[in-house]
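Following: one structure in structure tokens, then a few remarks.
The values are calculated or read from the model by the stated rules, or taken from the named source; none is laboratory data. Every value quoted in this text rests on a predicted model; they were computed, and no experiment measured them. A quick note on method: Cβ atoms are made from the backbone with ideal geometry, for glycine too, and the neighbour counts reach across all protein chains shown.
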Amino acid sequence: MHLNINDGAIFVADSHYNEKNQEFLIFLEKLKSKKIKTEQLFLMGDMFDFISSESSYFVKKNQKLIDIINELAKQIKIIYLEGNHDYNMKPLFLDVLVVKREDQAIFMKYQNKKLALSHGDNFTPNLYNIYCKIIRNHKLLKFLNSIDYNNFISKKIYYSLMKKNICHNFIAFEELAKKRVENFEADIIIEGHFHQGKEYDFGNKRYVNVPSLCCSSEYMVLKENIFKKVSL
């Protein structure tokens, strides 16, 4: 998959939206009202604290944001890279280019450069890959939804996730980033997932980690070959 990235493209990652983390809703409403403007929006995964199209509880819980994204998708190009908290979402976003974990990274062009985009939870040990396949299994998720009486399973997931502190300083992140760029044949690698919001140059490759919207209230704008952090 090779698409062009435009100047002014916006990258947002890891908002982990829930009733405690409201930054993603604020961002979308500013985009809707044109206080924030772009022709191209990249949602880099884990935008919701949890969602899948099979879970009626989480779909209902997040319906307001789903509606805004679908409305925006009729006006601007939206590319949504599924993360480890949001998956099987294509039925929810018919006008959005939804990219599953197994189809990441996606490769795009910007000026004369080749870019690789992924959420960041790929190139992982086999055990984690097996786990990812199991928890994304459509039939399993439909079954769990059917036995989710009074939403007892969903509520346990929801409130358990809300208690987690996901904002940490990753001490050895530069070393990890250096290892990750080896997996990509690209000039620039863009990922979310790690919540660090840092950028490194490794020889002829640049690694860009999009900041977590819920941790720093920042997103990124690509303009004239510079990834600029912008405060919400």
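May I ask you to verify whether SER212 is without any contact (Cβ under 8 Å) to a residue 60 or more places away in the chain and small (Gly, Ala, Ser)? No, not satisfied.
You will find that of LYS64, LYS74, the residue that is under 20 Å from GLU23 (Cβ atoms) and among the basic types (Lys, Arg) is LYS64 and no other. The helices (runs of 4 or more DSSP H) located wholly in segment 113-180 that include 3 or more residues which are surrounded by 15 or more Cβ atoms within 10 Å (Cβ to Cβ) occupy 138-146, 152-162. Kindly provide the set of residues from segment 210-229 that are closer than 21 Å to ASP7 by Cβ and touching a strand residue (DSSP E or B) at 6+ places or on another chain (Cβ under 7 Å), ordered by number. Passing the criteria: VAL210, PRO211, GLU218, TYR219, MET220, VAL221, LEU222, PHE227, LYS228, LYS229.
If we scan segment 188-201, do we find a residue that is exposed (fewer than 15 other Cβ atoms within 10 Å of the Cβ), among the charged types (D, E, K, R) and in contact with an Asp or Glu (Cβ under 6 Å, 6 or more places away or on another chain)? Within segment 188-201 (the criterion being exposed (fewer than 15 other Cβ atoms within 10 Å of the Cβ), among the charged types (D, E, K, R) and in contact with an Asp or Glu (Cβ under 6 Å, 6 or more places away or on another chain)), the answer is no, since none of the residues qualifies. Pairs linking a residue in segment 162-187 that is modelled with pLDDT of 95 or more to a residue that is surrounded by fewer than 10 Cβ atoms within 10 Å (Cβ to Cβ) and not in a helix (DSSP H, G or I), with Cβ atoms under 6 Å and 6 or more positions apart or on different chains, do not occur. One residue stands out among those in segment 108-128 that are touching a Lys or Arg at 6+ places or on another chain (Cβ under 9 Å) and not aliphatic (A, V, I, L, M): the one that is farthest from VAL59 (Cα to Cα), which is LYS113.
Only residues that are within 22 Å of ASP121 (Cβ to Cβ) and touching a residue at least 24 places away in the same chain (Cβ under 8 Å) were counted across segment 60-98, and they come to 20. Considering (1) over 21 Å from VAL98 (Cβ atoms); (2) at pLDDT 95 or above; (3) not charged (D, E, K, R), the lone condition that LEU141 does not fulfil carries the number (1).
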